[in-house]
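J.: After the structure tokens below, expect a handful of questions from me.
The values are calculated or read from the model by the stated rules, or taken from the named source; none is laboratory data. No experiment lies behind these values; they were computed from the predicted model shown. Positions of Cβ are generated from backbone atoms using ideal geometry, with glycine treated the same way; all protein chains shown enter the neighbour counts. With ligands, DNA and RNA removed, areas are computed over all heavy atoms of the protein, side chains included. Shrake-Rupley method; radii C 1.70, N 1.55, O 1.52, S 1.80 Å.
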Amino acid sequence: MHLQTLPWIILFLPLLAAVVITLFTQRDRKTSATLSISAIVIGFVLTVIFIKANSFNPEVKEVSLNWLDIGPLQAEFGLRLDALSLMMLLVVTGVGSAIHIYSWGYMHEDRCFSRFFASLSLFTFSMLGIVMANNFLQMFISWELVGVSSYLLIGFWYEKASAADAAKKAFITNRLGDFGFMLGILIVWAALGSLNFGKLEAGLADNPAALGSLATLGGLLVFCGAMGKSAQFPLHVWLPDAMEGPTPVSALIHAATMVAAGVYMLSRTFFIYTPEALQVIAWIGGCTALLAALVAVQQNDIKRILAYSTLSQLGYMVMAVGLAAPEAGMFHLTTHAFFKALLFLGAGSVIHAMHHEQDIWRMGGLCKKMPVTYWTFMVGTMALAGVWPLSGFFSKDAILAAAWHHSMPLFIIGVGVAALTTFYMFRLVFVAFLGGERSHEVGHAHESPWVMTWPLRILAVFSIVGGVIGVEALFGGMLHPGGEHPHGLAAQLVYPFKHAPVAALSGLAAFGIGLFAAWTLYARAKEDPLPARIGTLSRWMRDRFYFDELYEATVIKVHDATAAVVDWFDRWLIGFAAVRGSAGATSLFGNVLRFIQSGSLQAYAFLLVLGVAVILFFVLGR
Amino acid sequence: MENAQAYLFYVFAALAVICAIMVVANPFSRSPVTSAMFLVLTMGCLAGLFTLLHAFFLAAVQILVYAGAVMVLFLFVIMLLDLKEEQRRQVKSLSLVAGLVSVGAILAIFVRSLIATKPGEGALANVEGSTSKLGKLLFTQYLLPFEIVSVLLLVAMVGVVLLSKKDLK
Amino acid sequence: MNVGLEHYLVVSAVLFALGLLGVVTRRNILVIYMSLELMLNAANLALVAFSRFNNNLDGQVMVFFIITVAAAEVAVGLALIVALYRRRQTTHVEDLNLLKH
Amino acid sequence: MNVLILKHEITLLLLALGVMLADLWLPPERKRGLGYLASAGVGAILICSLLTSVPESPFAFRQMYVLDGMALFFKRFFLVATILVLLMAVEFSDRIQAGISEYYSLILFASAGMMFAASANDFALLFVALELITVTFYVLVSFQRGRATSLEAGVKYLIIGALSSAFMVFGIAFIFGTSGSFNFGDIAAKLASPEAGLVNNKLFLFGLLFLLVGLGFKIAAVPFQIWAPDVYQGAPTPTTAFLAVGSKAAGMVLLMRVLFVAVPEVTAQWWKLLVVISALTILYGNLCALPQTNIKRLLGYSSISHAGYLLLGIAAATTAGQSAVLYYLSGYLFTVLAAFVVIVLVLRDTGAEEISSLAGLHQRSPLLAAAMTISMVSLAGIPPLAGFFGKLLLIKSALVVGAEHQSFYWLVGIAVVGVVISLAYYLGVVRAIYWGGEAAEKSAVTLSLPATLTVAACLVGILFIGIYPNPLMKAAEAAVLSFK
């Protein structure tokens, strides 16, 4: 069965929804939400049907149209459907559906309900575009669209100055990475003459030296794009600020989609990276993971903790790609999408109940008020911490195993980060959900409505079983055909211990240490005991190692100075002399010329005759 | 015979040109009525020239349609609108000079091209514009334009009715 | 005294130029319109002359079309001028000054 | 000879007669709906034309009429334009005091004239087809005869139109006299044989130049553009739209056929003339549009500048240039019609045509605001819309020729300058919509279903052509092949 049109429908439904909502149903909130939600849910269902119809065959399928060909410039518009993109498609539409439905409940009272859903659908469309693109150009266009739509979403409450600033920051930081990405694409195109992933891969397989001396540079420039989108050090600063957006947006951006786009892109283009480039990628990933985990330990805002946790986990995934194990990275991406979306939506549920209070030290004892939220949040936490047999354990183990095989220092960092992860997550749980009520808002808190809790339940189930339903085998089979993979549930469950026992056991040990530390420090704490114990380090962690201040002092100062100079040039030279001058001259000409158009018929006839005379003279007069 | 034809040509041509001058630049009267009457005369002279060119059918049509129908329409409209009082407006000399110069330039270029080309060399004037021959052409090779022209006449009819109907319902 | 094609063409061109002059200089729309008819007649004369001297009857067929089309055009044009006169009480080009610049 | 080759034109004429006759029996309140019927009929003809392919022997009436790829392309073009203009006319009908059914049928007659023009392979057919279009437009322009501006526009169009017809007829006389035929094929054959010496025959070139006056008038190229702004402003809006799209395209197809089929050798000689005309047209249209405040007048000047861009492709005189012209025209069709539909719908109540009266449109109707914005952005040539690819293709074709004739680089430079100038006034319209202050009227614009569909169809056209240009580009290239 071919079903060639299904992928197109999946891709364009959200766009259609976005267009229809913007143009027709602005005033009708209910229809808008229904349109947007049904677009993505139908997309999810169609994805499942498509995979089922192709009997889960990880064979590469491409459908493409000749988008443009003008002489030598040939651009196609095509979709590439292999295991990688299909799995990602499932994640994006699946988790996306949950988030869309949840948004209905969360955003219910917002004035611009329709605009929210339009942006959400536009974002989904762009994301699907990245996932299904079969060439660099198309991916880049969707990539930019993701940037634009995330700008719209993060800055959704643009009346709030902080939200507008955060949106701008996210956009500009991403543009920095995208600029590198564009240069990288140009290098690849110049060297290989094609932008199609399949053709590029085949070309490089035939002739590994085809990229020539620029190979490492080209790869790293492409990686720049991923650094921006996946918020890798040093372009990570935008992501925690992006929490200013509505919580479902945070979930969408931080869990399943935007930040995952970078990792997905790295896996998609894995074939162009040289070993040196991979080395750099791995270390940047490792550093990001460690740094972000440390910062997360001392944050008090529930969403910021999750944001830094996301950063840290993304570091893991990028590190996995750098360690030549993109399948492990994608595996972790998938499981992470489930439990991080779950955690964000849980946090959203808490924030909703607490009337937009986000400080964990003003919560406490929520487990009794909001049992569903509490238990699902607990599941997410355990999965993130890597408790066997929850999904996070398996994917994290795959990465640790890759590190164990390739690089000892990175392995140690990985385990350390795992311990830190457990520590800060349980710190969050102990402080926010257990213990006594820390503010009177807790007294009024109550469980969220069903549209919000059901997505939580569903995501919780996936967070539990996500590691053993064959996701890894799928990615593994796609990226390393012919590799060995366990069959059967029991074999899946114990596979990590057989395959790389040291990695698995150190992962569990890290969990134990983290849990113990969190328990001793926070189980009965009235306030945070850490600042007293580790002093300066704690302040550094809380202040995010002063990266923003650093940028403020260096990059932004330099930028401002340059801007001032350029502005001067612009205003006095270009603005005054060139633009004013030419604009003035242009409109002067326009004003003079239009007096030719005097309205007098006689003059018109005369001008026509004069024109004929001039043309005759021009052609025959000599 | 040859000479008689030549004389007739000069007579008709001179008359046609003089009448045409009277149409556009009558020194004695600016009334549209005189212009129209001189135009009728020009048409008549042209019909004469057509006859000299052995285009007998067209000469008849020229008299019937142009002088007989079109010009009557003109006169009818002039009378209907009663355009007497507008004669006092004068031609501006600037526009007259500009017009003369550009029209003169076109005419000069035409005459130069004509002299350079000499289209009449070796031409044998022997075609007869008889009604039957023309009719045959019209209803075979030129049937399509003929039919389109009939549509055009219908459109013109509808247009005239729409534009000049007194009451707008 | 031999009258050739060129003679007819010169007459035709002179008539055309006179018509053109009328369009450019006269102010009454009706007279302008008459001058336009004069130009069409000049073209007809050229066509008939060419037809005669090129030994090709097609030119005369064209003249037939031109006469017919001109009649249709005159009818519409005059109706339009009458409608204008009814609305504005003028047939002078200077008074057409609502649409400009 | 197969009469069925004329089936599209014949059905269209029958439809026009039918509409006119139906007026006799329909009660006055139902007459408005006749427009839907007419456009449905035209839709049926369009479908029929889409199913038609170029016949084995494309000629009819001794090579007077031709149904090649180019003709078929333009027939479809005209049919699409007619459908949209008819739908627009239905929305406009309440502003026409009398004779709405005649208005519809005159649009159909003009459309039939354009269809014949698309197939003209002979100066006799060219003349009558063009006159059918022109005479019909005399009536269509002055149709709102209660409005003084409509009548004034009608008279101006009449006089300048008749003047250019006179030039054209005089030109045809001399083309006939020197080449001995009206047929494009015969003339081309005579031109190609060196002993006839037609290429340097000054009288022939004289006639050809006079003919170009008539065609230049139709497409509103400098120096024959002078009527366009006044007539665009004064005419009823659907007429203006049809004038901008249909009449201009008819002029273009005839111009292309004359220049590339009948007299290719002369065209090759005249590239300099075409380059100068194109450059002047682009500059004139764009510069004059800058200070405009009336939206229809603005579009009038803008249509002049677009004629300039189109001439750029004709001056290039290559297959790429010709197909770019077809592509550009198709994009222009949807873009301009979208703008005019919005004008008809928004300015219905006030009757004002100032750009400032569009203020706050995004609150009154997001759909119309989006349509106007997209149309303006496409006209300005911003990617990824239809206007952008059209300009890209045209400029690219000119650049290729630039290797041979340096002047084309200058022309491209002027075209780019024109695009930059045009941004100012097109975006001025967009600014008026979104940031033009409070809407004078708060009420939402109510749209009937057909009106919404018309706007949506135009939008889909602009976006599809812009985002996925390949099919249309291929179709245009295939159509141009018939000139070889």
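J.: With every protein chain kept in place and ligands, DNA and RNA left out, what is the accessible area per residue of segment C:5-96? Probe 1.4 Å, answer in Å².
T.: Heavy-atom accessible area per residue stands at 15 Å².
J.: If you plug each phi of segment A:230-241 into the Karplus form 6.51 cos²θ - 1.76 cosθ + 1.60 with θ = phi - 60°, what whole-Hz ³J(HN,Hα) values come out, in order, with x for Gly and Pro?
T.: 8, 6, 8, 3, x, 9, 7, 5, 6, 5, x, 5
J.: Accessible area per residue for segment B:1-83 in Å², computed with a 1.4 Å probe and the full protein assembly in place, what is it?
T.: On a per-residue basis, 43 Å².
J.: How much mean residue ellipticity at 222 nm does the protein assembly as shown get from its helices, if each DSSP H run of length 4 or more adds -39500 (n - 2.57) and you divide by all residues, to the nearest 500 deg cm²/dmol? Write down the numbers at each step before the final one.
T.: Numbers: 60 runs with 988 residues, N = 1376.
So the helix-based figure for the protein assembly as shown works out to -24000 deg cm²/dmol.
J.: Next question. Just tell me which lysines come within less than 29 Å, Cα to Cα, of A:Lys169; anything on the same chain fewer than 8 places away is out.
T.: Cross-link targets: A:Lys160, A:Lys229, A:Lys303, A:Lys340, A:Lys557.
J.: What shape does segment B:1-83 take by its C-alpha gyration tensor, where a ≥ b ≥ c are the square roots of the eigenvalues and a/c under 1.5 counts as rounded, a/b above b/c as prolate, and the rest as oblate? Intermediate values should be presented prior to the final figure.
T.: Values: a/c = 5.22, a/b = 1.63, b/c = 3.20.
Oblate.
J.: If the only charges are +1 at each Lys and Arg Cβ and -1 at each Asp and Glu Cβ, what is the size of the charge dipole of segment C:5-96 around the Cα centre, to the nearest 20 debye? Can you show the working numbers first?
T.: Numbers: 6 positive and 6 negative charges, 68 e Å.
Roughly 320 debye, rounded to the nearest 20.
J.: Using R₀ = 51 Å, calculate the FRET efficiency as 1/(1 + (r/R₀)^6) where r is the Cβ-Cβ separation of D:Asp349 and A:Gln279; round to 0.05. Write down the numbers at each step before the final one.
T.: Working: r = 69 Å, r/R0 = 1.36.
Result of the calculation: an efficiency of 0.15.
J.: Here's a follow-up. Sort A:Tyr158, C:Tyr85 from largest to smallest accessible area, using a 1.4 Å probe on the heavy atoms of the protein chains. Let's see the in-between values first.
T.: Values: A:Tyr158 130, C:Tyr85 45 Å².
So the residues, ranked largest to smallest area, are A:Tyr158, C:Tyr85.
J.: Now for a separate question. In Å² (nearest 100), what accessible area is buried between B and C, both sides summed, heavy protein atoms only, 1.4 Å probe?
T.: 7100
J.: Quote the accessible area belonging to A:Trp189 in square angstrom, nearest 10, computed with a 1.4 Å probe and with ligands, DNA and RNA left uncounted.
T.: Only protein atoms counted, so the area is about 110 Å².
J.: With a 1.4 Å probe and all protein chains kept in place, how much accessible area does A:Lys168 have, in Å² rounded to the nearest 10?
T.: Probe radius 1.4 Å; accessible area of A:Lys168 about 110 Å².
J.: Rounded if a/c is under 1.5, else prolate if a/b beats b/c, else oblate: with a ≥ b ≥ c from the C-alpha gyration tensor eigenvalues square-rooted, which is the protein assembly as shown?
T.: Numbers: a/c = 2.85, a/b = 2.47, b/c = 1.15.
Taking the square roots of the gyration eigenvalues as a ≥ b ≥ c, the protein assembly as shown is prolate.
J.: Please list the non-local residues whose amide H lies under 5 Å from the amide H of A:Ser64, H modeled 1.01 Å from N, same-chain partners needing a gap of 5 or more.
T.: The answer is A:Leu79.
J.: Placing +1 at every Lys and Arg Cβ and -1 at every Asp and Glu Cβ, with all other atoms neutral, what dipole size does segment D:270-484 have around its Cα centre, in debye to the nearest 20?
T.: Details: 11 positive and 7 negative charges, 50 e Å.
Once rounded to the nearest 20, the dipole reads 240 debye.
J.: Tell me the carbon and sulfur percent of the accessible area for chain D, rounded to whole percent, probe radius 1.4 Å.
T.: Values: 9000 of 13270 Å².
It is 68 percent, rounded to a whole number.
J.: Something else about it: Using protein heavy atoms only (no ligands, DNA or RNA), what is the total accessible area buried between B and A, 1.4 Å probe, nearest 100 Å²?
T.: On the way: alone 13660 and 26690 Å², together 39700 Å².
About 700 Å² of accessible surface is lost on pairing.
J.: Under the rule a/c < 1.5 gives rounded, and otherwise a/b versus b/c splits prolate from oblate, where does segment C:13-101 land using the Cα gyration tensor?
T.: On the way: a/c = 3.79, a/b = 2.12, b/c = 1.79.
Verdict is prolate for segment C:13-101.
J.: ³J(HN,Hα) across segment A:129-139 via Karplus (A = 6.51, B = -1.76, C = 1.60, θ = phi - 60°), whole Hz, x for Gly/Pro?
T.: Those phi angles translate into x, 4, 5, 9, 4, 10, 8, 5, 4, 5, 4 Hz.
J.: Still on this structure, please answer the following. Given a Förster distance of 51 Å, report the FRET efficiency between D:Leu14 and A:Cys112 from their Cβ-Cβ distance, rounded to the nearest 0.05. Please list the in-between numbers first.
T.: Working: r = 53 Å, r/R0 = 1.05.
Computed FRET efficiency for D:Leu14 and A:Cys112 comes out at 0.45.
J.: Just to make sure I understand: if all protein chains stay in place, what is the order of A:Asp301, A:Asp206, D:Asp349, A:Asp28 by accessible area at 1.4 Å, largest first?
T.: Values: A:Asp301 40, A:Asp206 130, D:Asp349 105, A:Asp28 75 Å².
Largest to smallest exposure gives the sequence A:Asp206, D:Asp349, A:Asp28, A:Asp301.
J.: Per residue, what volume in Å³ does the Cα convex hull of segment D:10-119 take up? Write out the running numbers ahead of the final one.
T.: Values: hull volume 9.8 nm³, N = 110.
Per residue, the Cα convex hull of segment D:10-119 comes to 89 Å³.
J.: I would also like to ask the following. Using a 1.4 Å probe and counting only protein heavy atoms, how much accessible surface gets buried when D and A come together, both sides summed, in Å² to the nearest 100? Before the final figure, lay out each step's value.
T.: On the way: alone 17860 and 26690 Å², together 40970 Å².
So the total buried area for this chain pair works out to about 3600 Å².
J.: To continue, here is another question. If the chain between B:Lys166 and B:Leu153 were fully stretched, how many nm would it gain, using 0.36 nm times the residue separation less the Cα-Cα distance?
T.: Values: separation 13, 0.36 × 13 = 4.68 nm, distance 2.15 nm.
Net length gain for the segment: 2.5 nm.
J.: Just the number, please: carbon plus sulfur as a percent of the accessible area of segment B:1-159, 1.4 Å probe, no ligands or DNA/RNA counted. Intermediate results must be reported in sequence, preceding the final value.
T.: Working: 5690 of 7790 Å².
On segment B:1-159, the fraction of accessible area on carbon and sulfur atoms equals 73 percent.
J.: Pulled fully out, how much extra length does the chain show between A:Thr31 and A:Trp8, if you take 0.36 nm times their separation in residues and subtract their Cα-Cα distance?
T.: Working: separation 23, 0.36 × 23 = 8.28 nm, distance 2.34 nm.
5.9 nm is the gain from fully extending A:Thr31 to A:Trp8.
J.: While we're on this one: Explain nothing, just compute: Karplus ³J(HN,Hα) = 6.51 cos²θ - 1.76 cosθ + 1.60, θ = phi - 60°, for every residue of segment B:14-31 in order, whole Hz, x for Gly and Pro.
T.: 4, 4, 4, 5, 4, 5, 5, 4, 5, 5, 8, 9, 6, x, 9, 8, 9, 6
J.: Still on this structure: 7 Å from Cα along Cα→Cβ at both A:His355 and D:Leu26: what's the point-to-point distance in nm?
T.: Here the answer is 6.4 nm between the modelled labels.
J.: Taking 2.2 N^0.38 Å as the expected size of a compact globular protein, what ratio does the Cα radius of gyration of segment D:270-484 give against it, to two decimals? Let's see the in-between values first.
T.: Numbers: Rg = 17.8 Å, N = 215, 2.2 N^0.38 = 16.9 Å.
So the Cα radius of gyration is 1.05 times the expected 2.2 N^0.38 Å.
J.: Once the dipole of the protein assembly as shown is set up with Lys and Arg at +1 and Asp and Glu at -1 on Cβ about the Cα centre, which of A:Leu176, A:Phe377, D:Ser111 lies farthest towards its positive end?
T.: D:Ser111
J.: Also, quick follow-up: Averaged per residue, what accessible area in Å² does segment D:198-348 show with a 1.4 Å probe, protein chains only? Mind dumping the intermediate values first?
T.: Details: 1980 Å² over 151 residues.
Value returned for segment D:198-348: 13 Å² of accessible area per residue.
J.: Here's something else I'd like to know. A drop of at least 50 square angstrom in accessible area, chain alone versus all protein chains together, probe 1.4 Å. Which residues of segment D:281-315 meet that?
T.: D:Tyr284, D:Leu287, D:Pro291
J.: Accessible area of D:Glu29, 1.4 Å probe, to the nearest 10 Å²?
T.: Result for D:Glu29: roughly 140 Å² accessible.
J.: Quick one: compute the contact order of segment D:270-484, relative version, from alpha carbon pairs under 8 angstrom and 6+ residues apart, as a percent.
T.: On the way: 315 pairs, mean separation 65.0, N = 215.
Once divided by the residue count of segment D:270-484, the mean separation gives 30 percent.
J.: Using label points projected 7 Å from each Cα along Cα→Cβ, tell me how many nm separate B:Ala116 and D:Val420, to one decimal.
T.: Spacing of the two 7 Å Cα→Cβ label points: 3.9 nm.
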